[in-house]
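Undergrad: There's a structure below that I have some questions on.
Every read-out reported here was derived from the displayed coordinates using simple, explicitly stated rules and does not represent laboratory data. Remember, it's a predicted structure, so these values are computed and weren't measured experimentally. For neighbour counting, all protein chains shown are included, and Cβ atoms are generated from backbone atoms with ideal geometry for every residue, glycine included.
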Amino acid sequence: KNQVEQSPQSLIILEGKNCTLQCNYTVSPFSNLRWYKQDTGRGPVSLTIMTFSENTKSNGRYTATLDADTKQSSLHITASQLSDSASYICVVSEEDGNNRLAFGKGNQVVVIP
Amino acid sequence: KAGVTQTPRYLIKTRGQQVTLSCSPISGHRSVSWYQQTPGQGLQFLFEYFSETQRNKGNFPGRFSGRQFSNSRSEMNVSTLELGDSALYLCASRWVSGSVADTQYFGPGTRLTVL
C-alpha cells in the first residue's frame, strides 16, 4: 500500500477559481513534507517544504498546510491561471537519516479558460 | 547556476538491449538520485549516490544499476530492456547540508521507449 495518497486524482477548474488538493500519508517517523509541481514533459519543481513544527507555508498563489497529528496536508491554489495546469506531487520524507522519500501519484490539474 | 541536465532527452530501444542515461547535477551538489516515473506508478525511487557511493537503493531488479563519478556526474544503466521499462527517468541532485530540509532539484528527464 502506498504510504502517500493524493486526492482527487484529477480535476478540471475554470481560470480564476481556487482549488484544494489533498495528501494523506502514513509515513512514520515523519521528517518533512514537500509539494512539487510537474509540468508536462518536465521534471518536478519544488513549491513548498514543511517540517513537523510548521502548519502552513505559502509560495505566491500556492499555500500548503500540514496537520502532523492527522497526517494530512493540502495544497491550495488561489486564482488559478492556465499555467497552473500540471501534476502536483506530494512527497513525504521519513526521519531515518537516509533521506528515504515516499511519493504520492500526483494530482493532475487542468485549468481551462 | 545551471540546473540539473540529463542526456539524452529521448531514447528508443528494443527489448533485450541495454541503455545508459547520464545526469549532471547542479554545481556543488554531491548527491544524485534516480527515479522512474510511469503513469500508473508515479515516481519510484531507484537509487541515490553520494560521493561516488550508493547510499540508498529502491526495489528494482539488478538490471538497473548506476554509478557516480568524482565530479558528481552520474550514469544509470538498464540491461536486458523489457517493455515495462518504458518510462520517464528523472535525476535529482541536492546539496547535502545535514538539514532534513535539503531540497532536491530535478532534471527534465529522459523519456525511454522500449519497443
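Undergrad: Give the residue that is farthest from A:Ser31 (Cα to Cα), with candidates limited to residues of segment B:95-115 that are surrounded by 20 or more Cβ atoms within 10 Å (Cβ to Cβ) and not hydroxyl-bearing (Ser, Thr, Tyr).
TA: That would be B:Leu112.
Undergrad: Name every residue in segment A:32-44 that is under 15 Å from A:Gln108 (Cα atoms), at the interface with chain B (Cβ under 9 Å from one of its Cβ atoms) and not in a loop (DSSP other than H, G, I, E, B), in order of residue number.
TA: Matches in segment A:32-44: A:Tyr36, A:Gln38.
Undergrad: Follow-up. Among the numbered conditions (1) in contact with a Ser or Thr (Cβ under 9 Å, 6 or more places away or on another chain); (2) part of a strand (DSSP E or B); (3) closer than 23 Å to B:Phe47 by Cβ, tell me where A:Ile13 comes up short.
TA: All conditions pass for A:Ile13, except number (3).
Undergrad: Give the number of residues within segment A:69-113 that are within 30 Å of B:Phe47 (Cβ to Cβ), assigned to a loop (DSSP other than H, G, I, E, B) and free of Cβ contacts under 8 Å to residues at least 24 places away in the same chain.
TA: Within segment A:69-113, residues that are within 30 Å of B:Phe47 (Cβ to Cβ), assigned to a loop (DSSP other than H, G, I, E, B) and free of Cβ contacts under 8 Å to residues at least 24 places away in the same chain number 3.
Undergrad: Please state which of the following conditions B:Tyr35 fails to meet, knowing it meets all the rest: (1) within 14 Å of chain A (Cβ to nearest Cβ); (2) hydroxyl-bearing (Ser, Thr, Tyr); (3) in contact with a Ser or Thr (Cβ under 9 Å, 6 or more places away or on another chain).
TA: All conditions are met except number (3).
Undergrad: If you don't mind, another one. In this structure, is B:Phe45 within 19 Å of A:Val45 (Cβ to Cβ), touching a residue at least 12 places away in the same chain (Cβ under 8 Å) and buried (at least 16 other Cβ atoms within 10 Å of the Cβ)?
TA: Answer is yes for this residue.
Undergrad: Among the numbered conditions (1) buried (at least 16 other Cβ atoms within 10 Å of the Cβ); (2) more than 14 Å from chain A (Cβ to nearest Cβ); (3) within 27 Å of A:Glu5 (Cα to Cα), tell me where B:Ala92 comes up short.
TA: (2)
Undergrad: Further question: Looking at A:Ala64, A:Ala68, A:Ala102, A:Ala86, which one is of a type in the set (A, V, I, L, M, F, W, C), out of contact with any helix residue (DSSP H, G or I) (no Cβ under 9 Å at 6 or more places or on another chain) and within 25 Å of B:Lys57 (Cα to Cα)?
TA: Every option except A:Ala102 fails the conditions.
Undergrad: Of all residues in segment B:39-71, which are part of a strand (DSSP E or B), within 12 Å of chain A (Cβ to nearest Cβ) and among the small types (Gly, Ala, Ser)?
TA: If the condition is that a residue be part of a strand (DSSP E or B), within 12 Å of chain A (Cβ to nearest Cβ) and among the small types (Gly, Ala, Ser), then B:Gly42 is the only one that fits.
Undergrad: Could you check A:Glu54 against (1) of a type outside the set (S, T, N, Q); (2) more than 14 Å from every other protein chain (Cβ to nearest Cβ); (3) more than 12 Å from the chain's Cα centre (by Cα) and say which number it fails?
TA: (2)
Undergrad: Just to be sure before I move on: is A:Ser93 surrounded by 15 or more Cβ atoms within 10 Å (Cβ to Cβ) and either more than 10 Å from chain B (Cβ to nearest Cβ) or among the hydrophobic types (A, V, I, L, M, F, W, C) (or both) in the structure I sent?
TA: Spelling it out, it is not the case that A:Ser93 is surrounded by 15 or more Cβ atoms within 10 Å (Cβ to Cβ) and either more than 10 Å from chain B (Cβ to nearest Cβ) or among the hydrophobic types (A, V, I, L, M, F, W, C) (or both).
Undergrad: Could you tell me whether any residue of segment A:20-30 is within 14 Å of another protein chain (Cβ to nearest Cβ), free of Cβ contacts under 8 Å to residues at least 12 places away in the same chain, surrounded by fewer than 17 Cβ atoms within 10 Å (Cβ to Cβ) and on the phi < 0 side of the Ramachandran plot?
TA: No, segment A:20-30 has no match at all.
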